Amino acid sequence: MQQTLRPSALVPRGFVVESAVCDGATTLITVRHTSKASACPGCGTSSERIHSRYLRRVTDLPMAGRPVRLVVVARRFHCGAVLCGRRIFTERFDGGVLAPWARRTARVDYVVHHLGLALGGRPAASFAQRLMLPVSNDTLLRVVRRRGRPSFPPPTVVGIDDWAWRRNQRYGTIICDLERRKTITLLPDREPATAQAWLSGQPQISVVARDRGGGYALAAARALPNATQVADRWHLMENASRAFLDAVRKSMRQIRAAIGATTINPSLLTAAERIQYEGYLRREEANAAVLGMAKDGASIKEIVRRTGHSRGLVRNVLRGRRSDVFRARESSLEPHLPWLDAQWAAGHRNGAELWRRLKMQGFRGSLRVVTEWATRRRQAEKADAQSLQRIPSARTIARLMTISRDTLSKSETVTVAAIEHRLPLLVEARPWIERARASLVASFATGVIKDKAAVSAAIALRWSNGQTEGQITKLKLVKRQMYGRGKLDLLQARLLGAN
Ligand SMILES: [Zn+2]
């Protein structure tokens, strides 16, 4: 349905346009309110008795690339209430449209507020100029402050961490609602007493995720004795991987030997070999389960009952006879390889053609076997010999060995399998807290055991401070945009408002 655009539709709700003129670069629109009466701010009584009129100039949203000034023909009313101290009052408008004393309409204030939140004072002011919204830097900051921080629903699961006002000099505390994924407050320092005071005011909190330093643990224990504390999994993993990285560095010589001896480029594997390789991974998983049970003291009989594997298989696993990458299986092509190599060297590289000629020699394998062999040869020639032999850095190896198998590429999986095969000690050192104590990462593990309850919670519960870390990143970004003007209330208003 089409409607004619009335001029009054362009100005804030409740006003009608009396006239509009262009005054140089600015559009001046004279408006009045449609209501007959207004309520006295002193006593609330509505009055229709007009005393006088006056003009109020306010900034409104720009129109057609020009700044707009509204000239509001406002009224003064007599208050008729006998006991009211005011005899005359000025017309009040809906606060959501035009607040008393405001120099901007509410819809301009809204835009200004969000510009301030998103960009900070000075950048927002220059951007506002381009939007034909003339506001100063100070005005922007004032609007952001005045609108203040939105109140937050009482949190149940919080993350608490410190963040740097200035690195190595001054720190604050950030508290996030982990369920709602929002920052809810910034505290001016990282003193346990400050955190304790804030936490005591939120007795409904049942889970506190915090770092492994002592300060927040103490604060949370005092303020919320019944809450579960969760050690920061992020720092936990970081510390663990650092300890593990050291272990990998110490073993680099053996790792080089292991990889150098068994580099398998999976792009050179045939489809059949890949299936074998995946089978290998599955077997390794089953092996690990069997070995784990044996380590826990289960008898062979019991393992057979629990896993459903045969007795012979379980025995082989326990004797370490079931962990080679590829089962030795002779390819049907094997006897013909010398002939194929010679043909290849002579420049006969068409797989189908080679297969036809092989068949005449009595080869019974399928066409695919030969074409895959040819493809592999072609790729091997293309691949840079150096890239096949390149040894990843200790950091890369540590990462490969600690992330989930599912996320590894084939070549990474092959590398990891080669290392694990040759360096069982390193497999032990992989940061599994329970197993770690006896191996290379012992010093890290000892620290973990001191904080055992919170560490177990970190493993058992889905809450972690990883999210808080994310919020700190956001905070740093906001802080950087504010240049030197990062006062806590402003920082908080921008961070929380921007959520
Ligand atoms: Zn009154």
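Each reported figure results from applying straightforward, stated rules to the coordinates on display, with no laboratory input. The model shown is predicted, which means the values in this text are computed figures rather than measured ones. Counting neighbours? That spans all protein chains shown, and the Cβs are built from the backbone with ideal geometry, glycine included.
A few comments on the model shown:
- Among the chymotrypsin sites (Phe, Trp or Tyr not before Pro) in the range 1-107, those placed in a DSSP loop whose Cβ has at most 15 other Cβ atoms within 10 Å are Trp101.
- Sorted peptide list for 172-179, 219-226, 416-423, criterion being average Cβ within 10 angstrom, highest first: 172-179, 416-423, 219-226
- Cut-off under 5 Å, modelled amide H: who pairs with Ile184 long-range: Ile175, Cys176, Asp177
- Applying a DSSP loop filter and a limit of 16 other Cβ atoms within 10 Å to the GluC sites (Glu not before Pro) in the range 1-91 leaves Glu48.
- Taking 0.36 nm per residue of separation and subtracting the Cα-Cα distance, full extension of the segment from His51 to Ala286 would add 75.5 nm.
- The trypsin sites (Lys or Arg not before Pro) of the range 136-218 meeting both criteria, a DSSP state outside H, G, I, E and B (loop) and at most 14 other C-beta atoms within 10 angstrom of the site's C-beta, are Arg167, Arg180, Arg181.
- Separation in nanometres of the label points that stand 7 Å from Cα toward Cβ, at His114 and Arg311: 7.4
- Taking 7 Å steps out from each Cα toward its Cβ at Ala294 and Thr375 produces label points 3.8 nm apart.
- Prolate/oblate/rounded label for the range 27-176 (Cα gyration tensor, a/c 1.5): oblate
- Modelled label positions at Arg256 and Arg66, each set 7 Å beyond Cα in the direction of Cβ, lie 7.7 nm from each other.
- Cβ-derived FRET efficiency at R0 35 Å, Glu179 paired with Asp489, nearest 0.05: 0.90
- Residue separation of Ala81 and Ser366 scaled by 0.36 nm, minus their Cα-Cα distance, works out to 92.2 nm of gained length.
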